[in-house]
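Input: a single structure, listed below in structure tokens.
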């Protein structure tokens, strides 16, 4: 057995339907991991595994840019306002019921039905947007705009669900908590940190364009980006795989030892190198009641003080269906992919994996000094090499990296890598 992974007590005790706390050891066996950990969670040497879309299901691979979008900004503001109104309306309706238990229960039941319909509509909207994008009916910018609008709606509905749960308990639980948990679970993959960044770009909170990598399959997507943090460059990635969730929402009990072993199989490096972990099941109603398990880890390649790896796991399929990565690009292991010199200008390209961080170094080939060159990937300008280096996102297929500086140009070609 290898180093222990301490999982927050909330996870263990949620499984036991208790609010107390106790440590959990996540056990792994490297030889067993190599043989049993299945796709679509792919393991990388000496760093965290990551959720991918199967190659045979891939439909699109593109980059998109998010900038101020007046229509998107107005839609987002309206959605947020409607969400606040919905919470207020529910609270006022429940308060108006006074001590009338029958009326309290009626308010809870009506709200539950409305919420259920709205969540169904929102899920249908997400699926329709994905299908339209895959079919070429909308472009990348329009698809990203839809993701932002859907996130705003999901966040608004999540607040109403929290309020509903409180009033459901006060009314004597006319709606089974499992149903409320299922509604909450349906919203889990409809928002995330990349979409949060897209929101700031489209609403004008961010003043510079945001470049985002997008790939999709029939049932899922990956969106990733690079952003400058206060002390380091961050790589942020969301991946949703529809094949990992069965939508049956079965309340399937799971042995904690089996669950911890499964996480160790899928994420062995994190299991051996985590520096902290916590359950994301602590907010009621808990995902567990819908057969969904969620957990967040902090590890040495992540961003200090944040959830570096967030995993949502379906007990019915025994697979991960949604994952969030927050990584410090300075800490990630990477390999030399290409090297080219022309007109006394040298470009060196290092990378991690397809859709992962890509490092471009440009120097004067004579002096070896770093050069602040303009960099283009497949002909698209992606930025400049401040202090001789630029970090961006790697395309999936063969691509070119061109550095330009004072009339000099050099191009390196990178073969496909996975």
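Quick note: the coordinates plus some simple rules give every number you see, no bench work behind them. This one's a predicted model, so the numbers in the text were calculated from it and none came from an experiment. Using ideal geometry, Cβ is built from the backbone for each residue, glycine included, and neighbour counts are taken over all protein chains shown.
Please give the length that would be gained between residue 127 and residue 100 if that part of the chain were fully extended, namely 0.36 nm times their separation in residues minus their C-alpha to C-alpha distance (nm, one decimal).
Length gained, residue 127 through residue 100: 5.6 nm.
Using every pair of alpha-carbon atoms in the stretch 257-389, split the distances into 5 Å bins beginning at 0 and state the percent of pairs per bin, rounded to integers.
2, 9, 14, 16, 13, 10, 9, 9, 7, 5, 3, 1, 0
With a 10 Å Cβ neighbour count serving as the proxy for reagent exposure, in which order, fewest first, do 187, 288, 51 appear?
187, 288, 51
Among 324, 362, what is the fewest-to-most ranking by other Cβ atoms within 10 Å? Before the final figure, lay out the partial values.
Working: 324 21, 362 25.
Going from least to most buried by this count: 324, 362.
Arranged from highest to lowest average of other beta-carbon atoms within 10 Å per residue, in what order do the peptides 110-116, 307-313, 55-61 appear?
By packing density, highest mean first, the sequence is 307-313, 110-116, 55-61.
What order do you get for 368-379, 94-105 when each peptide is scored by the mean count of other beta carbon atoms within 10 Å, highest first?
Details: 368-379: 16.2, 94-105: 13.8.
Going from most to least packed, we get 368-379, 94-105.
First measure r as the distance between the Cβ atoms of residue 398 and residue 331, then evaluate 1/(1 + (r/R0)^6) with R0 = 30 Å and state the FRET efficiency to the nearest 0.05.
Between residue 398 and residue 331 the formula returns 0.65.
How many angstrom lie between the Cα centre of the stretch 183-236 and the Cα centre of the stretch 317-358?
18 Å
What is the diffusion coefficient of the stretch 69-199 in µm²/s, taking the Kirkwood radius over Cα pairs and the Stokes-Einstein relation at 10 °C with a viscosity of 1.306 mPa s? Before the final figure, lay out the partial values.
Values: Rh = 15.7 Å.
Diffusion coefficient, whole number: 101 µm²/s.
How would you order 131-139, 391-399 from highest to lowest mean count of nearby Cβ atoms within 10 Å? Intermediate values should be presented prior to the final figure.
Working: 131-139: 14.4, 391-399: 19.6.
Ranking, from highest mean packing down: 391-399, 131-139.
For 202, 173, which order do you get if you count the other beta carbons within 10 Å of each Cβ and list the fewest first?
173, 202
Set the Förster radius R0 to 41 Å, insert the Cβ-Cβ distance between residue 135 and residue 91 as r into 1/(1 + (r/R0)^6), and round the FRET efficiency to 0.05.
0.45
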